[in-house]
1. Quick one: in the stretch 160-187, which of the residues that are touching an Asp or Glu at 6+ places or on another chain (Cβ under 8 Å) and not charged (D, E, K, R) is nearest to Met116 (Cα to Cα)?
2. Can you tell me how many residues within the stretch 171-206 are over 22 Å from Arg16 (Cβ atoms) and among the charged types (D, E, K, R)?
3. Inside the stretch 231-243, can you point out the residues that are within 16 Å of Arg67 (Cα to Cα) and in contact with a Lys or Arg (Cβ under 8 Å, 6 or more places away or on another chain)?
4. Could you check how many residues of the stretch 243-253 are basic (Lys, Arg) and part of a loop (DSSP other than H, G, I, E, B)?
5. For the stretch 243-266: of the residues being among the aliphatic types (A, V, I, L, M) and either surrounded by 15 or more Cβ atoms within 10 Å (Cβ to Cβ) or at pLDDT below 85 (or both), which is nearest to Arg108 (Cα to Cα)?
6. Would the stretch 207-228 turn up any residue that is closer than 30 Å to Pro162 by Cβ and aromatic (Phe, Trp, Tyr)?
7. Could we say that Ser33 is open to solvent by 50 Å² or more (accessible area, probe 1.4 Å), of a type in the set (Gly, Ala, Ser) and over 21 Å from the mean Cα position of the chain (by Cα) here?
Amino acid sequence: MEIVAKICEKILSDERYAVYVVLPLVARGNVDSPEAKEMQYWQVQTMEVMYKMVAKALNKKGPDGARVTDYLNFYTLGSRCERELTSDTEAETHSDGSNSTQVNTVSRLHDISGFMMVADDEYILVSSGPVSQSSLSGKRNSEVAMGAWQPRHTQENLSDEPHPKGRVWKHRLAIWTKYTNLVNPTFRRPYRLGCVRSMNKIANENWRLFASTDPDVRTNSCLLKYPVAIRASGEIISRKDCKMIPGTRIRVLGSRQNFPGEKQTL
C-alpha cells in the first residue's frame, strides 16, 4: 500500500506520478484449482482497493478529466506466437508425396518468477521473494533482497538534468524495450501522461491480439494489459470481451472458494 500512498501524495501536491505494475495473470501449478481461483480473487481485490484510493485522491484534488489509469496501471506478460505442427496427421500432403509443415499461432502467458522494483529511475530493488514485510523480515520466509543506486544519479544531487540518467534508468529503459519491442522517446520520462497512455495503447492492442480467435494474428510484443475494466470510482469489473482467463476455467475477477481462514495464503 506504500505505492498507492505515494501516488495519492503526489496527486494532492499537484504533481505527476505514475506506477506500472507487472503481475502474473494466473498462479503457478494447477491453474484451474480452487486455490488458484481464490488467489485470483484476492489479487483483483487488492488492485481494486488501490484504485479506489487513487480515485478518492482525484476527487479531492485531481486535474480535470483525470482517470485512475493515468496514475496506476497493471500489466501481465504473454505472447501470441507461431506454433509448428509437424506430426504425420497434421502435415499437409501434396500430390508429389512431399509434406509441408502447417503453422498457426498459440497464446502463452509468461511465467513471472522474479521480483524487482525501480523507484524514480534512481533506485532498484531485486528480491528472491515478494517485496513485503512478511517475506523479508526474516521471521517467516527465507528470502533475500538487494538494493542499488548511484549517489550521483539521484534527484537530490541533480543540478542540470531534470531526471536521473544513471544505470538504473538505462536498465529500466532496456526492460521496457524488451517488453514492448519498441524504442519510444516517451519512455524516457515514465511519470508523464504521454508515456502512460503510450504504454496502455501498446498493452491493450497486444491483449486484443492475444485473446483473438483469429489463428493467424500475432502479438507485437509480450506486454499485455491486465484484462479488467476500471470505473471512475476505482471499482474493477469484467471486460465485455474477457470474462475468463484464456485457456483456463478461471474468471478474470477470480471467485471465493470458502476456504477456512487459516488455509488462505495471501
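1. Val168
2. Here the count works out to 2.
3. Ala232, Ser233, Gly234, Glu235, Ile237
4. 2
5. Across the stretch 243-266, the extreme among qualifying residues is Ile245.
6. No, every residue in the stretch 207-228 fails to be closer than 30 Å to Pro162 by Cβ and aromatic (Phe, Trp, Tyr).
7. no
Every residue, every condition in (1) in contact with a Lys or Arg (Cβ under 7 Å, 6 or more places away or on another chain); (2) without any contact (Cβ under 8 Å) to a residue 24 or more places away in the chain, yes or no:
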residue	(1), (2)
Val26	no, no
Gly29	no, yes
Glu35	no, no
Tyr41	yes, no
Met50	no, no
Ala57	no, no
Gly65	no, yes
Phe74	no, no
Gly78	yes, no
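The values are calculated or read from the model by the stated rules, or taken from the named source; none is laboratory data. What you see is a predicted model; the values in this text were computed from it and never measured. Positions of Cβ are backbone-derived with ideal geometry, glycine not excepted, and every protein chain shown enters the neighbour counts. Calculation scope for accessible area: heavy atoms of the full protein, side chains included, ligands and nucleic acids excluded. Shrake-Rupley method; radii C 1.70, N 1.55, O 1.52, S 1.80 Å.
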